[in-house]
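> First the structure, then my questions, so here it is.
The values are calculated or read from the model by the stated rules, or taken from the named source; none is laboratory data. Note that the structure is a prediction, hence the values are computed from the model and not measured. Positions of Cβ are backbone-derived with ideal geometry, glycine not excepted, and every protein chain shown enters the neighbour counts.
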Amino acid sequence: MSKTKSSLHGFFIKEWEEPLYSELSRIFSANNLREVLTHSSFYEKEDKGNSRYVFAGMFVFKGMVAEVLYRYATGDGTQLQHILGNLFRNERLVRLFDEWKLEKHVRAGEKFDIDTHKHIFVYAVFGYVTTLDENIRNWFIAKYILNEESNYLFVHKRRNRDLLAQADALVKQTNGQRLTLVMEMTDDGLHRAKAVMSDGTVLCEATSKSWRYARTKATKTALNLLATPFRKELLSNPDYQARVAAREEEKRAKRKAEIEARDVAKAAQRAEKQKKLKEEAHLRDAKRRKAQAEAKKRKAEHATRAAAKAAKEAQPMSAKKRRYLEDKKK
């Protein structure tokens, strides 16, 4: 492939001789296809399977595509990262799995769900492609990864923050003129920005110590002035009013549903709390009754012992005990 191309478009114009492989199956031998599409769960004890090919597909092959993007695609690093992620999103990989009709060739254990792991086998195919000739790799990447289906990923539509371009577009819509900013220096050393139309009419101006602030202020003022008639027309449009009313009604309905759901949840929480409080009160009451019964039992036992002791003390002393006590005093 020629290295003089500066855009990805050149990558799609095949400057190398396309290999004599019109179908994907022709780059595989039967043994290689069996090895690449056999999951490790197919073997009960042996350490075999396509895991190394899967690793190569996830990182080595993806790195090759990333290198192509780095060399030929426009955009900053974040944009290229998003493009790479979209190129290898699961939906695309599943479509490739079905397009290549791999289901009749894959092998896996009985408990392995192939339908939810189709992307694994596609990554294994990618990993095998990394072992092939460079021309075949380039052909494969152009045919299946950077194809016409992915062209929309390379059209960067940055958020329109150019206020002057917006104001210029409004002037062009209204009277076909163009709007430019003219910068001047005042006698006291300030920057003056003028929004000037094609016929020389000064739409507005702004002055500031800052060159950038003067331009921004003049541009915003011009944009507001130009947008005013459009806003009035838009606000008086019945279709616009109907859309706003519908949107507001949708917001109110959504808010009402949220409030009702919240009230239902709070009512359920209150009911659960009341139930829990009743259960706790019942447990406390049962514990209190048990403690009262035990105290009453202890009081009765104490009274019984006291009565027995009093009865014992009230009995007349025997002669034997009297002699014992008299002998003890001596």
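> Just to be sure, is N138 more than 28 Å from the chain's Cα centre (by Cα) and either assigned by TED's automatic domain parsing to the domain that holds R95 or acidic (D, E) (or both)?
yes
> Here's a check for you: in region 96-128, which residue that is among the acidic types (D, E) and part of a loop (DSSP other than H, G, I, E, B) is surrounded by the fewest Cβ atoms within 10 Å (Cβ to Cβ)?
Filtering region 96-128 for residues that are among the acidic types (D, E) and part of a loop (DSSP other than H, G, I, E, B), the one surrounded by the fewest Cβ atoms within 10 Å (Cβ to Cβ) comes out as E110.
> Would you mind stating whether K217 is modelled with pLDDT of 90 or more, out of contact with any helix residue (DSSP H, G or I) (no Cβ under 8 Å at 6 or more places or on another chain) and among the charged types (D, E, K, R)?
yes
> Have a look at A227, A214 and point out the one that is in contact with a strand residue (DSSP E or B) (Cβ under 7 Å, 6 or more places away or on another chain) and in the same structural domain as T180 (by TED's automatic domain parsing).
Step by step, each of A227, A214 is checked, and only A214 is in contact with a strand residue (DSSP E or B) (Cβ under 7 Å, 6 or more places away or on another chain) and in the same structural domain as T180 (by TED's automatic domain parsing).
> Follow-up question, since we're still on this one. Identify, please: which residue in region 202-225 is part of a strand (DSSP E or B) and of a type in the set (A, V, I, L, M, F, W, C) and is, among those, farthest from the chain's Cα centre (by Cα)?
Ranking the qualifying residues of region 202-225, first place goes to V202.
> Of these, A245, A268, which one is outside the structural domain of T174 (by TED's automatic domain parsing), out of contact with any Phe, Trp or Tyr (no Cβ under 8 Å at 6 or more places or on another chain), under 30 Å from T174 (Cβ atoms) and among the hydrophobic types (A, V, I, L, M, F, W, C)?
After applying the criteria, what remains is A245.
> Name the residues in region 78-92 that are part of a helix (DSSP H, G or I) and not hydrophobic (A, V, I, L, M, F, W, C), would you?
T78, Q79, Q81, H82, G85, N86, N90, E91, R92
> On the basis of being among the hydrophobic types (A, V, I, L, M, F, W, C) and in the same structural domain as E184 (by TED's automatic domain parsing), does L283 make the cut?
no
> Give the number of residues within region 40-77 that are part of a helix (DSSP H, G or I) and in contact with a Leu (Cβ under 6 Å, 6 or more places away or on another chain).
Count: 3.
> Can you say whether R107 is touching a strand residue (DSSP E or B) at 6+ places or on another chain (Cβ under 6 Å) and either more than 18 Å from I145 (Cα to Cα) or free of Cβ contacts under 8 Å to residues at least 24 places away in the same chain (or both), as far as the supplied structure shows?
yes
> Further, regarding this structure: What residue, among those in region 200-212 that are touching a residue at least 12 places away in the same chain (Cβ under 8 Å) and among the hydroxyl-bearing types (S, T, Y), is surrounded by the fewest Cβ atoms within 10 Å (Cβ to Cβ)?
Filtering region 200-212 for residues that are touching a residue at least 12 places away in the same chain (Cβ under 8 Å) and among the hydroxyl-bearing types (S, T, Y), the one surrounded by the fewest Cβ atoms within 10 Å (Cβ to Cβ) comes out as S210.
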